[in-house]
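Report on the following structure.
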Amino acid sequence: MHDFDYQNGNLFCEGVDLNQLASTYGTPLYIYSENTIKDNFNRLSSALSDLDHRIAFAVKSNSNLSVLKTLNDIGADFDIVSGGELFRVLKAGGSANQCTFAGVGKTREEIEYSLEQGIYSFNVESEAELRFINEIAKEQNTIAPVAVRVNPNVDAKTHKYISTGKSENKFGIDFEFIEDLYLKASSELNNVKLRGLQMHIGSQLTQIKPFLEAVEKVSPLVKKLKANHEIEFFSIGGGIGIIYEDALASGKKEWWDNQDPENKPLTVEEYAKKLVPILSTLDIKILLEPGRFMVGNAGTLITKVLYKKIGAAKNFAIVDSGMGDLIRPALYEGHHEIVPLIKNTGETQVVDIVGPICESGDFFAQNRDLPLLQEGDHIALLSAGAYGFVMASNYNSRAFPAEIMVNGTTHKVVRKRQSYDDLIMGEEL
């Protein structure tokens, strides 16, 4: 659930009117709900309370410093994929000892920096990487903590671009090679410490079956590694999906109560109910790496309708935000619910919501039946808190939008809107 809803006909985030924020700060504008982020973390942690567990927020989903600080303050760890993300965690008040470093292409500079800062663990994705980390650790006269990422070859039934747990994906090491690699590491590599095992099968999973299949397959391997190598954690990755297509209604308890039990979207309660009994038999610390679940429905992107264009084949609403601000629709054909900031229960119109960027793929919605929009109207693209701003670009030399964090009835600009001077910072003639 989340904290976006209409109050007296105006769309609010917690206790703040989004119309007022759009008028004050302009658009495009990202807005985040601090309460929603905290509530999602606490619900997930509570559901897993029977396990020795740590929740490592996937920084790649939203790396704003205030988002990271909010999570750090309530006890989160962090899943990072670059030296830059580690730097952000440190600037937000976290420590490297709270971070697991994933990703298939870690550079020498990133590995050295992480070791210097005291990283909790590298999640290793190839034997070559494992040997490289060992070499760097030897040069630094230190021991590098590592966990190998196992690829369980489980189909997550998600979009092909965000599936990560099949043999044809670039991530992880094939399941059948893991035991031999741990033996090699323990006998040949003196500057690494085998700290755990990690897996991750994909993002935006809305059914329990793939999670269950992966955990059931990998759990016997965890028991063997724990017995032979004294590993201390098993990371089961992230991937818990969120509601996109009925995002506004899903913020209310009654919406969940009215869902068909047979087709009900995955909840953290069901997730825990099915997985905790298996994981509890391992007697090992369990790490989770949620990103989208934590922040997806905690954010929205506000944009303004600049022009209406009525054509022979299509009707267009042209807005002041585009794929450079939120690329999910163009990249994945990802759906975002679109609602006006001032509630309109009257006439509707089938339109394409398109942006100003010079690409035919610059759209937020196609052939969508929406409340009738007029030039000057503000609309909200919901569920934009994950993989939104973090994937933004300056394509067409368009400036990055501002970001605002809402807390109750107060708000704060947590990233200023980029200026034209900012666009060319660092360039020289």
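Assorted remarks:
- Subset tally (residues that are among the β-branched types (Val, Ile, Thr) and touching a strand residue (DSSP E or B) at 6+ places or on another chain (Cβ under 8 Å)) for the stretch 369-404: 2
- Test: residue in the stretch 305-322 that is surrounded by 24 or more Cβ atoms within 10 Å (Cβ to Cβ), more than 15 Å from the chain's Cα centre (by Cα) and outside any loop (DSSP other than H, G, I, E, B): yes
- Scanning the stretch 7-52 for residues that are without any contact (Cβ under 8 Å) to a residue 40 or more places away in the chain, acidic (Asp, Glu) and not in a helix (DSSP H, G or I) gives a single hit, ASP17.
- Checked against the criterion of being of a type in the set (Lys, Arg) and within 26 Å of ASP79 (Cβ to Cβ), the candidates LYS253, LYS274 yield just one match: LYS274.
- Test: residue in the stretch 86-93 that is out of contact with any Gly (no Cβ under 6 Å at 6 or more places or on another chain) and in contact (Cβ under 8 Å) with a residue 60 or more places away in the chain: no
Residue-wise test of (1) touching a helix residue (DSSP H, G or I) at 6+ places or on another chain (Cβ under 8 Å); (2) charged (D, E, K, R).
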residue: ASN297; (1), (2): yes, no
residue: LYS309; (1), (2): no, yes
residue: GLY324; (1), (2): yes, no
residue: PRO340; (1), (2): no, no
residue: GLN366; (1), (2): no, no
residue: LEU370; (1), (2): no, no
residue: MET391; (1), (2): yes, no
residue: ASN394; (1), (2): yes, no
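- Selection count, the stretch 163-194, where residues are among the basic types (Lys, Arg), more than 15 Å from GLU129 (Cβ to Cβ) and modelled with pLDDT of 80 or more: 1
- With a requirement of 1 or more residues that are more than 23 Å from the chain's Cα centre (by Cα) and farther than 22 Å from ASP17 by Cβ, the strands (runs of 3 or more DSSP E) lying completely within the stretch 329-429 that satisfy it span 348-354, 363-371.
- Looking only at the stretch 75-109, and only at residues there that are touching a Ser or Thr at 6+ places or on another chain (Cβ under 9 Å) and of a type in the set (D, E, K, R), the one that is nearest to SER126 (Cα to Cα): LYS106
- The lone criterion from (1) under 30 Å from VAL150 (Cβ atoms); (2) among the hydrophobic types (A, V, I, L, M, F, W, C); (3) in contact with a Pro (Cβ under 7 Å, 6 or more places away or on another chain) left unmet by LEU29 is number (1).
- Complete set of residues in the stretch 53-79 that are farther than 20 Å from ALA102 by Cβ and part of a helix (DSSP H, G or I): LEU65, SER66, LYS69, THR70, ASP73
The values are calculated or read from the model by the stated rules, or taken from the named source; none is laboratory data. Quantities reported herein were computed from a predicted structural model and do not represent experimental measurements. All Cβ positions, even for glycine, are placed from backbone atoms using ideal geometry, and neighbour counts span all protein chains on display.
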